[in-house]
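S.K.: I have a structure here, written as structure tokens, and I will follow up with some questions on it.
Read the figures in this text as sums done on the coordinates, not as results from a lab. On a predicted model such as this, the values are computed, not experimentally measured, just so you know. Cβ sites come from the backbone with ideal geometry, for glycine too, and all protein chains shown count toward neighbours.
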Amino acid sequence: MNIKEVIQNAYHKIKDIDDKGNLASYIPELENVNSACFGVHISTIDTLNFGVGNYHDKFSIQSIAKVLTLTMAYNILGEKLWKRVKVEPSGTAFNSLVQLEVENGIPRNPFINAGAIVIADVLLSNLDNPKEDFLNFVKTLSNSKEICYSEKIATSEKSVGYRNAALCNFIKSFGNIENKPSEVLDFYFNLCSLEMSCKELSNLFLFLANDGFTLADNEQILTRSQTKRINALMQTCGFYDESGEFAFKVGLPGKSGVGGGIIAVHPKQYAIAVWSPKLNEKGNSYKGMRFLEEFTTESKLSIF
Ligand code: GLU
């Protein structure tokens, strides 16, 4: 089997389907992207790097960044982290407030907004210069200096971020936010605004396919057990209220974002990033998910 051929065939097959998705419109700036963009890039443990379509173009990675803040916070706090956030799928919308009331401000998992806001708070409490230190961490992981926050996207999200502000204040009322909500939210909106290409993303996420070690310089980012746990969280909670469907159809741990990006990881083998901005009704990239289903079916490279 030739992986490049499988990717090319799947790409061309999905490129021409009717895109039934819609752009994320609740963050105004996210509507200003070219919805026809479609890119894919794979990076493998045995150093294959291959992309098709718009795989060099930067896009707003949004919630994909939550895996990176989680990695950094886990690195700093170790197992104590799980006192602040749980590891169960939520079964509710990514920006929902309802469970927090009965669960005393402890979010269900680090990938729903409530959980990611708590993780942002952990980083604020533990880093000297949170924005700069987090960006440097991401640059080290990806072996690229070309990664930046988008001030435009962060400002756009901040201007309409009422629900995230409500979540942060609500969690603070239970004592599970240590810093000022305005500072936590500023950091949260910035980290969601990171812009990367499919190529940068698949390179970066290879450490989760490589037992927690970066491929380029063999630096240990997480222990093997921590790596397993982050992959497990991506498998069970990485796709909003569609994580079961993603496991069912694609069969890989991963994470999506409302910018239309998806990263998926096959432990010990590869990381693959897809970007197509229009989202299905559950908030995952319509073509991205269809592409990955086709790719793992044809390549037989899924974990199940
Ligand atoms: N910044 C977005 C929000 O908080 C992230 C959403 C996402 O990609 O899931 O609504």
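S.K.: Quick one: in region 84-147, what % of C-alpha pairs are over 20 Å apart?
M.R.: Summing the P(r) of region 84-147 above 20 Å gives 41 percent of all pairs.
S.K.: Test of understanding: what is the full-extension gain from Phe304 to Asp46, defined as 0.36 nm times their sequence separation minus their Cα-Cα distance?
M.R.: 90.8 nm
S.K.: Using a 10 angstrom cutoff on alpha carbons, build the Gaussian network for the chain and name the most mobile of Ile61, Ile262, Ile153.
M.R.: Result: Ile153 has the largest fluctuation of those listed.
S.K.: A further question on this structure: Give, as a single signed number, the net charge of other residues whose beta carbon lies under 12 Å from the beta carbon of Gly51, with Lys and Arg counted +1 and Asp and Glu -1.
M.R.: Net charge around Gly51: 0.
S.K.: Further question: Please work out how much length the chain gains when fully extended from Ala232 to Asp16, using 0.36 nm per residue of separation minus the C-alpha to C-alpha distance, in nm with one decimal.
M.R.: Stretched fully, the Ala232-Asp16 segment lengthens by 74.5 nm.
S.K.: Where in region 19-38 does the amide nitrogen come within less than 19 Å of the point 7 Å from the Cα of Ala166, taken along Cα to Cβ?
M.R.: Counting backbone N atoms under 19 Å from the label point, the list is 25-28.
S.K.: Which whole-number percent gives the relative contact order of region 1-94, counting Cα pairs below 8 Å spaced six or more residues apart?
M.R.: In percent, rounded to a whole number, it is 16.
S.K.: When a/c reaches 1.5 or more, the comparison of a/b and b/c decides; with that in mind, is region 123-225 rounded, prolate or oblate per its Cα gyration tensor?
M.R.: prolate
S.K.: Right, another one. With equal scatterers on the alpha carbons only and no solvent term, can you work out the Debye log10 of I(q)/I(0) for region 1-117 at 0.10, 0.19, 0.24 1/Å?
M.R.: Values returned for q = 0.10, 0.19, 0.24 Å⁻¹ are -0.50, -1.09, -1.25.
S.K.: List the extent of the Cα atoms of region 70-194 along each of their three principal axes, largest first, rounded to whole Å.
M.R.: That gives 43, 35, 26 Å along the principal axes, largest extent first.
S.K.: Send over the Kirkwood Rh of region 168-304, from the inverse of the averaged 1/r over different Cα pairs, rounded to one decimal Å.
M.R.: It works out to 16.1 Å.
S.K.: When Lys and Arg each count +1 and Asp and Glu each count -1, what net charge do the other residues less than 13 Å away from Thr236, Cβ to Cβ, add up to?
M.R.: In short, +1.
S.K.: Let me ask something else. Near Ser156, within a Cβ-to-Cβ distance under 10 Å, what is the net charge of the other residues, with Lys and Arg +1 and Asp and Glu -1?
M.R.: -2
S.K.: Give me the compactness ratio for the chain, meaning the Cα radius of gyration over 2.2 N^0.38 Å.
M.R.: Relative to the 2.2 N^0.38 Å estimate, the chain comes out at 0.92.
S.K.: Per DSSP H run of at least 4 residues, take -39500 (n - 2.57); add these up for the chain, divide by its residues and hand me the 222 nm value, nearest 500 deg cm²/dmol.
M.R.: -13500 deg cm²/dmol
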